[in-house]
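Coordinate-derived values only; no laboratory data. Every value quoted in this text rests on a predicted model; they were computed, and no experiment measured them. Cβ sites come from the backbone with ideal geometry, for glycine too, and all protein chains shown count toward neighbours.
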Amino acid sequence: MTAGEGADGVGDVQPRIPRQSVGEQALGPRADGDAGLTDELAAVVTGARRRAVRDGDRQIDTAHLLHSLLEHDPEVRSVFDDGPEIARLLGYLVQRSIGYGLRWQGSVEDSGAVPVMEDSGAVPVMGESDGFSPLAAAAMDHAGERAAARGTEPARGIDLLACLVADPQARAVEVLDRAGIAADAVLARIEDRASRSRWSNR
């Protein structure tokens, strides 16, 4: 039995998705990179990673994050109606590994706006892909910037949702389209909630 092999004769297998990405360590603006994830968003990222590994995907993409947000964040779920929209979204998301999502396997989710990073072993800076697709990494980065614009409040799931659906090339947007939900309508709901919250806090 060679070194690194267990009793079953199978060598150690490196996980496809890194355990902790830079995006997890610092979901905030680049100037404040030591700001950690909230417990809620940490659970979202952990759930998205598990889905990526289970689906055999190379990276966590925006659809993985959307799926995990819907499962873990009541505020995100409240952006959608109480029944049909959530049911349709989850219906499409759970079919990913056997349906339309099969064509995503082996490809990188990228709009062309963010350079695709090869796995060189180097530690990436915030916004570069380290276990996340380029679009997912950018969405996490922008969620921190969105929260920073409000002040010192950390990023919430609703911030990440807004950033996930902002790029028409995102897989999360394709899932919304398939469920008959317009991404711009989702953004409008989020902004309406944010506006009402600002007024109520004055």
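Packing around the peptides 37-49, 58-70, 89-101, 153-165, taken as the average count of other Cβ atoms within 10 Å per residue, puts them in this order, highest first: 58-70, 153-165, 37-49, 89-101. Considering the dipole of region 63-111 built from charges on the beta carbon (Lys and Arg +1, Asp and Glu -1) around the Cα centre, which of Gly106, Ser78, Gly91 is farthest to its positive end? Farthest towards the positive end: Gly106. Computed from the Cβ-Cβ distance with R0 of 30 Å, the FRET efficiency linking Ala42 to Ser78 stands at 0.90.
Close amide H partners of Phe132, meaning residues 5 or more places away or on another chain with modelled amide H under 5 Å apart, are Ile60.
Could you tell me the calculated FRET efficiency between Val53 and Arg178, based on Cβ-Cβ distance and R0 = 25 angstrom, to the nearest 0.05? Before the final figure, lay out the partial values.
On the way: r = 23 Å, r/R0 = 0.94.
The value I calculate is 0.60.
Compute the FRET efficiency between Arg189 and Gln105 as 1/(1 + (r/R0)^6), taking r as their Cβ-Cβ distance and R0 = 41 Å, and round to the nearest 0.05. Given R0 = 41 Å and the Cβ-Cβ separation, E is 0.85.
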